[in-house]
Structure formats: structure tokens, C-alpha cells
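Every number here is computed from the coordinates shown, using simple stated rules; none is lab data. These numbers come from a predicted model, not from an experiment. Don't worry about glycine lacking a Cβ; one is built from the backbone with ideal geometry, like all the others, and counts go over all protein chains shown.
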């Protein structure tokens, strides 16, 4: 083994751990924010309906800003771009807690979503770059680190809420801490710069055609994920008449199932490939949806939600990885897929509610089941052209080392 190869192994190992830490920090911001939403609602003096309107602004901000991420990374290099975008994201956690009314809350959440989306694209593009150089799947594990970060952030927020702390102080302290951790993590990520021969991406670009079908698969998965996270507890309470504690436990179990499945996902993808993995996941999610709709007992419904989580857990990481290999500008393609999936996350909760109002909550999860079938039918768009395509797509040759 040459010294040059050894340096390559060490650099990639360091870069892999560094970007995993970035994913964890990103998730911790989301978890910290979600637990203090009731405090923010009371502080801003908004009704439940107004809060629902305000909570649409993060997805709106992300959808508007994500197409800019490719140009930022190309101009400043991936390390500098990620360092700046991640810092803006972590610091934006401070804004919503200081919003005194609906208008300022919407503005704060727009900025919160925009910085989230841009840093999301930058870190996923770097994850795909490392995956290409390693010539093995790592994206599922990276998204597992995001889920772990969200659980850590939510645990801290739960403690802060239990102690009755002011969210302005809590989020300021959390933002400063996560900013420092994020900047430290970014020191180890790859610094990829655009080649002079490669035309820079436009400053604002619509999703490329190559990303649309991939994004459609991600749309189905995120819709099922969002519907289950937001409505599983309500479903168990209203349809199956369970206790509030048991209903809430179903949501926690769903989130844990997704996190565990993502950590295990890379080994499964390396063994069976993305298409078979997503197709099998689609079958599991479909069976889970049917079990939810037909379950006469809460335990069966909870098992159904667990199957949905297990089935959709690795789809979005694989969609980002496929997008990053689908064209000459990985960041642009990833931004396109991310825009579609964020849109799915935006409309899923309200769509489930609308169908439930028009028919029943049981019929709403019939829609989730239909979209799960879409994973089975659409898995083929994630097919890789082969390991050689991964090497061509990357700006450096792949290296293999069993220690990585």
C-alpha cells in the first residue's frame, strides 16, 4: 500500500466522520426547534390556524433557496460554502423564539427554512461525493446521524420545556453551541472546487429533468413519513380509541424505527443495491399501510406504522445519492430532489387532514398505502449505471479500504 493511498484512506475516513457530524448538528437544530413550538406559539400570540400557516414558511423558504446552493458551493468551494451555510442555519434557530407576532414569525421561519434547505443541499452533495470516492453506500448512515441529532435536540428541548425555561435563552444557547460544533465538524470535510473546464451552475436553477423522476420516488416516501409522524398518534386515539400515552408512544416508536433502519441501511444497500432495497421497502410500507387501515387493535396499527417507517427510511438518502450521480452538476440535481421532497413534507399533513375531513382518517391512510405502492413501481429510477459511473461522477478516483 503506497503512502499516497494511505493518505487517501485517512482523508476519506476523516471526511466521512466530519460530514456525519454535520448531519447530526443539522438534525439537532430541527429537534431543538420542534420541542419549543408550543412556547413560540404562546409568545407570538397566534392561534392554532395561524401557527399552521406560519409552519408552512420553512418549507417555502427552503424551496425558494435550495436552487441557489449549487452556485454557492461552486463559487466558494464545498468546505467554505458548507461552513457558512451551516452556521447561518444553526444561528437561525434563535429567530422564531424572538418573534412577537404572526408576521415576524412567518419571516423568521422563512429564513429558518431557507438556511436549512441550502445547508441540507450542501451537506448531501458532500455526502454523495464521499460515497462516490469510497465506492460504497454511506448516505443511509448519514441520514441516520441526522435522525440521531434530531433525537438529541428534542431530548434537550424536552428537558428545557419541563424546566419551564424561556425558549429565547434556550435557543440562543443551543444555537451558539451547535454553531461551534458545526464549524469544528466542517474543518474535516472535503474541499471540492469546481474545475475550470466545468461550466458553473446558474445562480438559480429549476430542477433538471433527471431529478424529476427521482424526486417523485422521494415524494412518495416523504409523504408517507410525514403523514405517519404527524397523524399516527391522532389515528390511534380517534380511530382505535387508545389512551393519549399509547398514542404518543406510536410516534416515538415510528421515529426510532426510521433511525435504526437508516443506520442499518448502508450494509443492505451495498449487498442488494438501491433498486431492490427500495422495492422491498415499498412492499413493507405497503403492507404497513394496509395493516394500519385494516387493524382492529392498536398493537396491529402500531406494527403497521413501524413497517411504514422501516419501508421508507432509506428512500430519501438513496434518492439524494441517485440525484448526485444523474448529471454534471450534483448540487443542482440534489437541490431539485430536495425541493420536491420538501414540498411533499409540506403538503402531507394538510392533505391527510383534508381527506380525513372529506371521508375518514382511515381513507387518508389508504392514500398513504397507494403512494407506498409507488415506491415499488418507481424504484427502478434509482438504478446506478454501475460502479464505473460512480467513479466518473466523482472528481477523484474511488478508493477501497475495509476499515472505512
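General remarks:
- Fewest-first ordering of 169, 146 by other beta carbons within 10 Å of each residue's beta carbon gives 169, 146.
- The order of 235, 272, going from fewest to most other C-beta atoms within 10 Å of their C-beta, is 272, 235.
- Alpha-carbon centroids, segment 124-154 and segment 303-365: separation in whole Å: 17
- Segment 79-114 residues near the modelled residue 53 label - backbone nitrogen below 13 Å, point 7 Å along Cα→Cβ: 101-107
- For segment 321-382, a/c is not less than 1.5, where a ≥ b ≥ c are the root eigenvalues of the C-alpha gyration tensor, and a/b does not top b/c. That puts it in the oblate class.
- Remark: relative contact order (the chain) = 25 percent; criterion is Cα-Cα distance under 8 angstrom and separation of 6 or more residues.
- Whether segment 250-315 is rounded, prolate or oblate, judged on the alpha carbon gyration tensor where a/c under 1.5 counts as rounded: oblate
- In nm, spacing of pseudo-spin labels at residue 290 and residue 17 (7 Å Cα→C-beta vector): 4.6
- Segment 204-277: C-alpha gyration tensor shape, a/c 1.5 cut-off, then a/b vs b/c: oblate
- Among 189, 283, the ranking by other beta carbons within 10 Å of each residue's beta carbon, starting with the fewest, stands as 283, 189.
- For the peptides 35-48, 107-120, 307-320, the ranking by packing is 307-320, 107-120, 35-48, with the highest mean count of neighbouring Cβ atoms within 10 Å listed first.
- When segment 1-70 is reduced to its Cα atoms, the Kirkwood hydrodynamic radius in Å: 15.8
- Helical runs (DSSP H, four residues minimum) scored at -39500 (n - 2.57) apiece and divided by the length of the chain put the mean residue ellipticity at 222 nm at -27000 deg cm²/dmol.
- Computed over segment 208-349: relative contact order in percent, which uses C-alpha pairs under 8 Å that are six or more apart: 41
- Sorted on the mean count of surrounding Cβ atoms within 10 Å across their residues, most packed first, peptides 19-30, 284-295 read 19-30, 284-295.
- Separation of segment 221-270 and segment 91-119, taken as the distance between their Cα centroids, equals 27 angstrom.
- Considering only alpha-carbon pairs that sit under 8 angstrom and 6 or more positions apart, the relative contact order computed for segment 1-158 is 45 percent.
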